[in-house]
Amino acid sequence: MCGIIGILGNHEVSPQLVDALKRLEYRGYDSAGVATVDATGQLSRRRAVGKLVNLSDLLVHRPLTGHAGIGHTRWATHGAATEVNAHPHQSGPVAVVHNGIIENFRELRAELADRGIMPESQTDTETVALLTAHHLDQGLSPVEAARATLARLQGAFALAFLFQDEPDLLIAARKGSPLAVGHGDKEMYLGSDAVALAPFTDRITYLEDGDHAVLTRAGVQIWDAEGHQVHRATARIDVGATVIDRAGHRHFMAKEIAEQPVVIGDVLNHYVKGDRIVLPDGLDFAGLDRVTLVGCGTAHLAGHVAKYWFEQLAGLPCDIDVASEFRYREPPLSDRSLFIAVSQSGETADTLAALHYARGKVARTVGLVNVGTSAIARDADMALPTLAGIEVSVASSKAFTCQLAVLAVLALKAAHDRGRLDDAALTAHLRDLRAIPALLAQALALADDCRMQADWLAQARDVLYLGRGGLYPVALEGALKLKELSYIHAEGYASGELKHGPIALIDGDVPVVVLAPHDALFDKTISNMQEVMARHGQVLLISDAAGIAAAGDGITASLALPTGGGVFQPILYAVPMQYLAYYTAVAKGTDVDQPRNLAKSVTVE
Ligand code: F6R
């Protein structure tokens with residue numbers, strides 16, 4: 001997380017820095033700051049706590065001049081969200097912005113303290129500025145000083161250095177965290193991603209792990225981790241510079257929920273032609289013995305739903321794990337297995353590290369990503385786009401259902417390749433899948449009902465979500481959405497698991513959201529729901545008309561989804577999960593699109 005930007009321009013850069021930071025605010029919004037070098041060589045900075053708008057306001061009252069600058073939007077790791085902890089961190093003639101974590105900063109701080117050099121902030125990043133200033137004091141040039149500092153750093157970082165009296169110099173370095181160099185017309189740019197640079201240039205060079213770069217207006221020189229000067233390719237990356245708007249919706253989240261019928265339709269048009277599944281060559285499941293799915297948060301839950309599809313439809317054993325556990329667990333992987341990294345951003349540090357762990361150990365790695373220019377897309381053997389379009393709201397909605405749609409296609413392909421589904425059965429399942437966009441459009445009509453239920457949920461301290469089979473991970477997703485948007489404590493459970501402990505939580509004040517389509521598992525889930533009601537739990541049943549009719553009396557409220565979609569119903573049930581969380585957040589007045597403490601791209605582990 002944290003977004004960084006650097007510009008060597010030919011005009012005043014502070015408005016451009018702020019514009020780029022707007023496009024990086026999804027990476028964090030605890031504080032923001034910019035530093036510039038003006039025509040006299042003076043290095044100055046401005047920093048403000050909270051959203052970027054506070055920095056913009058500050059710059060109106062205390063403008064910064066200069067054609068060279070760096071900027072930062074922060075997701076706090078070390079030290080609270082205060083002005084003194086905000087980036088850029090400056091020590092005398094050097095200012096630094098950083099994304100990542102300097103793991104040995106305590107050791108470096110102690111060394112600096114021995115020399116009488118004391119930090120003013122609690123951050124790991126300030127150590128980088130202090131160390132570089134110390135190297136400059138010893139007579140090193142800016143490039144030498146930055147190199148000497150980089151040689152001491154352990155951990156993950158994308159860094160940009162700006163120097164007093166050096167209006168034509170930016171130094172950049174990356175290890176672990178992503179960093180892109182943009183080429184303009186006698187101007188150079190640096191950014192956490194190509195999206196930040198889109199208004200300025202589409203000519204992008206991605207730095208590789210361990211690289212550091214020296215930028216001047218004449219171009220960029222790059223050195224690899226071994227200190228060899230290297231050439232890195234420059235490509236045209238079209239991410240669109242257009243301003244993204246809410247299209248009349250109150251929040252991006254509402255817009256993104258409403259887009260689902262269209263974007264899922266796009267996914268299916270892309271991957272299914274008639275009765276044929278169209279995937280890149282080489283994705284043959286016949287010889288595979290296992291699928292391993294890894295992701296974080298909502299992306300992990302998409303993989304969790306897909307486990308049911310891979311195992312039930314294709315008879316293919318499927319492991320699913322959160323990336324942060326997978327990467328350090330040293331799981332043995334079969335060279336006949338497929339590894340799928342699921343990620344909206346394609347930059348999530350743990351998911352990327354899990355992908356790197358799997359590389360070379362499995363038959364093939366696949367990156368299921370929404371951002372096609374991301375590190376996971378580039379580093380996987382094969383990238384499959386989830387085609388959700390830009391997702392701005394920090395809480396994932398349409399990216400989740402698009403991930404599910406692509407995973408459903410993959411599971412059907414696996415089932416067909418492995419002879420578990422003949423052509424006729426495949427056609428029948430594809431018919432169910434193709435029904436989903438129209439069913440989603442009907443499900444959107446539940447918005448008003450969800451808003452009414454949300455008034456009730458907004459009063460709760462705790463909410464439980466129950467589901468069975470493929471609806472169990474959707475229950476987990478419902479609880480996750482409610483927590484992150486409304487700050488209400490919520491838990492998802494497999495319905496059958498409730499009586500093994502969590503049922504002790506039930507009393508008349510705990511709303512219990514039960515997901516129970518009228519399918520083969522319906523009676524089992526309804527029995528669990530009865531156990532809740534027998535203990536005065538207040539049930540909100542989400543089912544279809546047949547399910548609601550069959551569920552009996554005593555339910556506090558119900559929401560009826562359309563029938564159809566076959567085994568792919570979990571995609572449909574995601575919609576009330578999203579709307580309940582959304583309207584509960586609206587009722588509570590929380591910041592729906594940028595909930596507290598979160599960031600959209602999680603580039604630290
Ligand atoms: C929840 C949410 C997060 C992300 C998670 C992974 O609404 O959005 O849980 O799903 O941080 O992010 P990506 O998919 O970018 O790897």
Q. Considering region 135-157 alone, what residues qualify as being within 25 Å of Gly176 (Cα to Cα) and touching a residue at least 40 places away in the same chain (Cβ under 8 Å)?
A. Pro142, Val143, Ala145, Ala146, Arg147, Leu150, Arg152, Leu153, Gln154, Gly155, Ala156, Phe157
(Q) Which condition from (1) of a type in the set (S, T, N, Q); (2) crowded, with 24+ Cβ neighbours inside 10 Å; (3) more than 25 Å from Lys186 (Cα to Cα) is the one that Asn54 breaks? (A) (2)
Q: Among the residues of region 458-475, write down those that are open to solvent by 40 Å² or more (accessible area, probe 1.4 Å) and either assigned to a strand (DSSP E or B) or touching a His at 6+ places or on another chain (Cβ under 9 Å) (or both).
A: Arg461, Tyr472
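Could you check how many residues of region 171-186 are surrounded by 20 or more Cβ atoms within 10 Å (Cβ to Cβ) and either assigned to a loop (DSSP other than H, G, I, E, B) or in contact with a Pro (Cβ under 6 Å, 6 or more places away or on another chain) (or both)?
Selection size over region 171-186: 4.
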Q: Restrict the check to region 471-480 and report whether at least one residue is more than 16 Å from the ligand (Cβ to nearest atom), modelled with pLDDT of 95 or more and not polar (S, T, N, Q).
A: yes
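Here's the yes/no breakdown for (1) without any contact (Cβ under 8 Å) to a residue 24 or more places away in the chain; (2) more than 30 Å from the chain's Cα centre (by Cα):
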residue	(1), (2)
Gln42	no, yes
Leu55	no, no
Val60	yes, yes
His67	no, yes
His72	no, no
Thr77	no, no
Ala81	no, no
His87	no, no
Q. Residues in region 407-430: is at least one within 16 Å of the ligand (Cβ to nearest atom) and open to solvent by less than 10 Å² (accessible area, probe 1.4 Å)?
A. yes
Q: Output the residues belonging to region 256-280 that are of a type in the set (Val, Ile, Thr) and surrounded by fewer than 16 Cβ atoms within 10 Å (Cβ to Cβ).
A: Val262, Val278
Q) How do the helices (runs of 4 or more DSSP H) wholly within region 493-592 filter down when requiring 3 or more residues that are charged (D, E, K, R) and more than 33 Å from the chain's Cα centre (by Cα): which remain? A) 522-533
**Q.** Residues located in region 384-406, provided they are under 11 Å from Ile340 (Cβ atoms) and either under 16 Å from the mean Cα position of the chain (by Cα) or surrounded by fewer than 22 Cβ atoms within 10 Å (Cβ to Cβ) (or both)
**A.** Gln403
Q | Qualifying positions in region 305-314 - away from the ligand (no atom under 16 Å from the Cβ) and open to solvent by less than 50 Å² (accessible area, probe 1.4 Å) | A | Trp309, Phe310, Leu313, Ala314
Q: Report yes if some residue within region 326-338 is touching a residue at least 12 places away in the same chain (Cβ under 8 Å), in contact with a Lys or Arg (Cβ under 7 Å, 6 or more places away or on another chain), over 25 Å from Gly470 (Cα atoms) and of a type in the set (S, T, N, Q); otherwise report no.
A: yes
Q: Just one of (1) in a strand (DSSP E or B); (2) crowded, with 24+ Cβ neighbours inside 10 Å; (3) within 14 Å of the ligand (Cβ to nearest atom) trips up Asp321, so point out which.
A: (2)
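Can you confirm whether region 495-510 contains a residue that is within 16 Å of the ligand (Cβ to nearest atom), surrounded by 17 or more Cβ atoms within 10 Å (Cβ to Cβ) and at pLDDT 95 or above?
Taking every residue of region 495-510 in turn, none turns out to be within 16 Å of the ligand (Cβ to nearest atom), surrounded by 17 or more Cβ atoms within 10 Å (Cβ to Cβ) and at pLDDT 95 or above.
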Q | Sole residue being more than 16 Å from the ligand (Cβ to nearest atom) and modelled with pLDDT under 95, chosen from Arg329, Arg336 | A | Arg329
Q: Mind listing whichever residues of region 481-491 are free of Cβ contacts under 8 Å to residues at least 40 places away in the same chain, surrounded by fewer than 24 Cβ atoms within 10 Å (Cβ to Cβ) and either of a type in the set (Lys, Arg) or within 15 Å of the ligand (Cβ to nearest atom) (or both)?
A: Lys483
Q. If you take the residues of region 83-125 that are acidic (Asp, Glu) and open to solvent by 10 Å² or more (accessible area, probe 1.4 Å), which of them is farthest from Leu190 (Cα to Cα)?
A. Asp114
**Q.** Residue count for region 284-296, restricted to those that are under 20 Å from Ala380 (Cα atoms), assigned to a loop (DSSP other than H, G, I, E, B) and touching a helix residue (DSSP H, G or I) at 6+ places or on another chain (Cβ under 7 Å)
**A.** 3
(Q) Being surrounded by fewer than 19 Cβ atoms within 10 Å (Cβ to Cβ) and out of contact with any Leu (no Cβ under 7 Å at 6 or more places or on another chain): is that true of Leu283 here? (A) yes
Q. Name the pairs whose Cβ atoms lie under 7 Å apart, with the first residue in region 517-536 and more than 16 Å from Tyr472 (Cβ to Cβ), the second β-branched (Val, Ile, Thr) and in a helix (DSSP H, G or I), and 6 or more positions between them or separate chains?
A. Glu531/Ile503; Arg535/Ile503
Q: Could you give me the residue pairs with C-beta distances under 9 Å whose first residue belongs to region 287-304 and is open to solvent by 10 Å² or more (accessible area, probe 1.4 Å) and at pLDDT below 95, whose second residue is more than 13 Å from the ligand (Cβ to nearest atom) and hydrophobic (A, V, I, L, M, F, W, C) wherever it lies, and which are 6+ apart or on separate chains?
A: Gly287/Ala363
**Q.** Top-ranked residue in region 347-403 [being of a type in the set (Ser, Thr, Tyr) and within 8 Å of the ligand (Cβ to nearest atom); ranked as nearest to Gly303 (Cα to Cα)]
**A.** Thr351
Q.
Testing Ala299 on (1) within 16 Å of the ligand (Cβ to nearest atom); (2) assigned to a loop (DSSP other than H, G, I, E, B); (3) of a type in the set (Gly, Ala, Ser), one condition comes back false. Which one is that?
A. (2)
Q. Which of the residues belonging to region 583-598 are open to solvent by 10 Å² or more (accessible area, probe 1.4 Å) and either of a type outside the set (A, V, I, L, M) or farther than 18 Å from Ala490 by Cα (or both)?
A. Tyr583, Lys588, Gly589, Thr590, Asp591, Asp593, Gln594, Arg596, Asn597
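The values are calculated or read from the model by the stated rules, or taken from the named source; none is laboratory data. Here the structure is a predicted model, which means the values were calculated and not measured. As a convention, Cβ positions derive from the backbone with ideal geometry for all residues, glycine included, and neighbour counts pool all protein chains shown. Remember, those area values only see protein heavy atoms, side chains included, never the ligands or the DNA or RNA. Shrake-Rupley method; radii C 1.70, N 1.55, O 1.52, S 1.80 Å.
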